[in-house]
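First comes the structure, then the notes that go with it.
Since every read-out is calculated from the coordinates, none of them should be taken as a lab result. Here the structure is a predicted model, which means the values were calculated and not measured. When we count neighbours, we look across all protein chains shown, and the Cβ atoms used for this are built from the backbone with ideal geometry, even at glycine.
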Amino acid sequence: MILNISQRKTIKHWATGLFAWMVALTLFFPILWMIMTSFKTELQAISQPPLLFWEATLDNYALIQERSDYLKYALNSLYTSVGGTLLALIVAVPSAYAMAFFPGKYTKDILLWMLSTKMLPAVGVLIPIYMITQMGGLLDSIYPLILIFALMNLPIIMWMLYTYFKEIPKEILEAARMDGATTSDELRHVVMPLSWGGIASAGLLSLILCWNEAFWSIQLTASDAGTLAALIASYSSPEGLFWAKVSAASTMACAPIIVFGWFCQKQLVQGLTFGAVK
Amino acid sequence: MSTLNISQLHKHFDDFHAIRGINLSIEEGEFVVFVGPSGCGKSTLLRLIAGLEDVSGGNISLGDRDITQVPAAQRDLAMVFQSYALYPHMNVAENMSFALRLAGASKEEIAQKVADTAAILQLEPLLDRKPKALSGGQRQRVAIGRAIVRHPSVFLFDEPLSNLDAALRVQMRQELAALHHRLQATMIYVTHDQVEAMTLADKVVILNAGQVEQVGTPMDVYYNPESRFVAEFIGTPKMNFFPMDETVTNYLNNNEKVDRNLENAAWIGARPESIMLDKKGMFGTVNLIERLGAETLVYLTYGNDCQIAIRASSLAPVTLGETIEFGLDLEQVHSFDEKGARLSPAITGDLIKSL
């Protein structure tokens, strides 16, 4: 059968659409299953074959709220995420400005080196960081977490901002300098307004990564400074794994960031694909 | 009061010696054009004056103030960039008032100055627009407005017209000339376009490989180029050069004696309009004819491989491939030595001096 161009286009259109939906559903399925499980009883949760229809219950949520204060964990997550992100931005904006507009001989090397630290396993520095935190009397405190979150996301934020700043034509900054702008004028009135989208999306990404961080949160906190990740982890022990409750806890931990991501998705996509300045 | 003085200025970029000991003095109110082939250092020199590049050696002073180490922001100079470099997130009025706002001027003063400048440049209807909603010519006007609004000591222009199309370039060139006349401000203008240099400048500075080749009025550098480089760079088509062979020597000796200092001459230079088809004594083969309407350019091969351009009258009766006879206007001919320096005395005349 010979197809004309418009028929071929239609087929291509539908095929791409189908493929995209399949990928999206595959990615979404675990989250859907988690949410479904959170509304089952423990028995329904482990039944074979899995139940697709059942009478929903809110017992798991009630139980979790009863056993541990959800709001406290959520606030800890919020403080550490926002704190870590702000700290990282405060360091990254001036550094990325310097690297983008006054590159030295080793600027590229430094940037690559920063990124390479992301390739090391975090567990490699678990003992020293744990010891330092312990000696500082800062176990189960949000402050070391804020610092660690900031450092952890700094390479990515630096790279994103660097790429954004690079897109600002150098002459615009030179024009500002000729107009009498000091370095801080340049940053405040020219660089930041022009790369606002980039700074916002770097910040959003960092917020999400901080919110979802589990390794350090679980290692360094307990009941006082525990984040939502630590809350979820607390349901896997010691009595064994309770699927329905873990699912309910996870759903509560994910819900804010999913809602947040939903509202910011345009900004995030723009930020991750770069090149929005011109 | 604000003479700009440059002395023994040097600039190195790593291994590249871009500016090689430039001395220059620019008087208040002068329109000075830096011209030269690409890579000659003209833009670098402007950026050194602006303070956008660090000086490697030498001094720049404005009036009695040494500004060599003063940051660009405090030099009291304004610059217009080739790419306009408008602030994309600000509208026209904000772009023009940015410097005033940074300097902490009052709202009334800013409004007054922006309005005055907008009136000069016919930008009033555009004050609320963002740069992306403007045409190239309008953007360039805003960039110029941004400079004017501050009343700087010196205006710097870095090839400001080269992004415009040909018609707009001519129009903006005329507007710039009018603007200079109106503001009576010191302006330094970088271009590779010799028409802009000739038409705008009070003083032309011709640069070559990081050094000043010649400084003079447009007519001075046209009629009295100090070197073969300048002679070839200024003027279209460029000056013709005849090797001092037997034919040329005989020709010069046979014609009326003009002291052109020929003993050490290696080349004789004559502008296309100084070669006459109604004079006799030299021969060439026509290989191209360009009839431009007002005039006709005739290109000849002279001797073995010497290319000669002649500016002839509109209806000059020449045909392709024929061998024609021509002669030189000996009053307007220069001699140059082997290295390219001019030997012949300057062509003087009250007119050249006064223009």
Exercise. Reachable lysines from residue A:72, Cα under 29 Å, same-chain residues fewer than 8 places away excluded?
Worked result: A:40, A:245
For this session: Would you please classify the overall shape of the range B:74-115 from the alpha carbon gyration tensor, given that a ≥ b ≥ c denote the square roots of the eigenvalues, rounded means a/c under 1.5, and beyond that prolate means a/b larger than b/c while oblate covers the rest?
Result: oblate
For this session: Could you pull out every one of the lysines with an alpha carbon less than 21 Å from that of residue B:113, ignoring same-chain neighbours closer than 8 positions?
Result: B:130
Seminar exercise, completed: Neighbour-count ranking for A:59, A:185 (other C-beta within 10 angstrom, fewest to most) reads A:59, A:185
Exercise. If each Cα of the range B:198-314 is one equal point scatterer, what is log10 of I(q)/I(0) from the Debye formula at q = 0.20, 0.24 Å⁻¹?
Worked result: -1.22, -1.39
Problem set entry | Peptide A:46-54, shielding by other chains (average Cβ, 10 Å cutoff) | 0
Problem set entry | Listed pairs A:166/B:42; B:42/B:203; A:108/A:166; A:105/A:166 exceeding 18 Å between Cα atoms | A:166/B:42
Problem set entry | Local electrostatic count, residue B:29, Cβ distance below 14 Å [Lys/Arg +1, Asp/Glu -1] | -2
Seminar exercise, completed: Note: A:176-188 gets an average of partner chain Cβ contacts (10 Å, Cβ to Cβ) equal to 6
Exercise. Where a Cα-Cα gap under 20 Å defines reach, which aspartates and glutamates qualify for residue B:107, not counting those fewer than 8 residues away within the same chain?
Worked result: A:179, A:185, B:94, B:116, B:124, B:128
Exercise. Can you work out the FRET efficiency for the pair residue B:101 and residue A:260, with r the C-beta to C-beta distance and R0 = 30 Å, to the nearest 0.05?
Worked result: 0.25
Problem set entry | Charge sum, other residues only, whose C-beta stays under 15 Å from residue B:160's C-beta, Lys/Arg counted +1 and Asp/Glu -1 | -1
Exercise. About the Cα centre of chain A, what is the dipole size in debye to 20, counting +1 per Lys and Arg Cβ and -1 per Asp and Glu Cβ, all else neutral?
Worked result: 1020
Exercise. About its Cα centre, what dipole magnitude does the protein assembly as shown give when the only charges are +1 on Lys and Arg Cβ and -1 on Asp and Glu Cβ, stated in debye to the nearest 20?
Worked result: 1880
For this session: Rounded, prolate or oblate: pick one for the range A:136-244, where a ≥ b ≥ c are the square roots of the eigenvalues of its C-alpha gyration tensor, a/c under 1.5 means rounded, and failing that, prolate if a/b is larger than b/c, else oblate.
Result: prolate
Problem set entry | Inter-site label distance for residue A:188 and residue A:22 at 7 Å from Cα along Cβ, in nm | 5.6
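Can you order the peptides B:19-30, B:46-57 by their average number of other Cβ atoms within 10 Å per residue, highest first? Numbers along the way, then the final one.
Details: B:19-30: 16.7, B:46-57: 19.0.
The most tightly packed comes first, giving B:46-57, B:19-30.
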Exercise. Of B:196, B:263, how do they rank once you tally other Cβ atoms within 10 Å and put the fewest first?
Worked result: B:263, B:196
Problem set entry | Whole-Å semi-axes of the ellipsoid equivalent to chain B (Cα gyration tensor, √5λ, descending) | 45, 24, 16
Exercise. Applying the Karplus parametrisation 6.51 cos²θ - 1.76 cosθ + 1.60 with θ = phi - 60° to the phi angles of the range A:137-149, what ³J(HN,Hα) value in whole Hz is obtained for each residue in order, glycine and proline being reported as x?
Worked result: x, 10, 5, 6, 10, 7, 5, x, 5, 4, 5, 5, 4
For this session: Report relative contact order for chain B in percent, whole number only (criteria: Cα-Cα under 8 Å, sequence separation at least 6).
Result: 16
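Using 0.36 nm times the number of residues separating residue A:126 and residue A:66, minus their current alpha carbon distance, what extension gain do you get?
18.3 nm
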Exercise. Once you average over the residues of B:69-81, how many Cβ atoms of partner chains fall within 10 Å of each Cβ?
Worked result: 4
Exercise. Which of B:203, B:107, B:42 moves the most in a Gaussian network model of chain B with Cα springs under 10 Å?
Worked result: B:107
Problem set entry | Förster radius 60 Å - calculated FRET efficiency between residue B:304 and residue A:86, Cβ distance, rounded to 0.05 | 0.20
Problem set entry | Per-residue Cβ neighbour rank within 10 angstrom, fewest leading, B:247, B:186 | B:247, B:186
For this session: Can you give me the three principal axis dimensions of the protein assembly as shown from its C-alpha atoms, in Å, biggest first?
Result: 121, 78, 51
For this session: Kindly write out, for the range A:121-135 in residue order, the coupling ³J(HN,Hα) from the Karplus curve 6.51 cos²θ - 1.76 cosθ + 1.60 (θ = phi - 60°), rounded to whole Hz, with x marking Gly and Pro.
Result: x, 4, 5, x, 10, 4, 4, x, 5, 4, 4, 4, 4, 5, 5
Exercise. What residues from the range B:308-350 fall in the zone where the backbone N is under 17 Å from a label point 7 Å along the Cα-to-C-beta line of residue B:249?
Worked result: B:335-338
Problem set entry | ³J(HN,Hα), Karplus 6.51/-1.76/1.60, whole Hz, each residue of the range B:60-65, x for Gly, Pro | 10, 10, 10, x, 9, 9
Problem set entry | Dipole of chain A, positive direction: furthest Cα of A:138, A:121, A:27, with charges on the beta-carbon | A:27
Problem set entry | Summed residue charge, Cβ within 13 Å of residue B:237's Cβ, Lys/Arg positive, Asp/Glu negative | -1
Seminar exercise, completed: Checked against the positive end of the charge dipole of the protein assembly as shown (+1 on Cβ of Lys and Arg, -1 on Cβ of Asp and Glu, about the Cα centre), the farthest of A:212, B:200, A:38 is A:38
Seminar exercise, completed: Note: residue A:224 to residue A:47 extended length (0.36 nm per residue) minus current alpha-carbon separation gives 60.2 nm
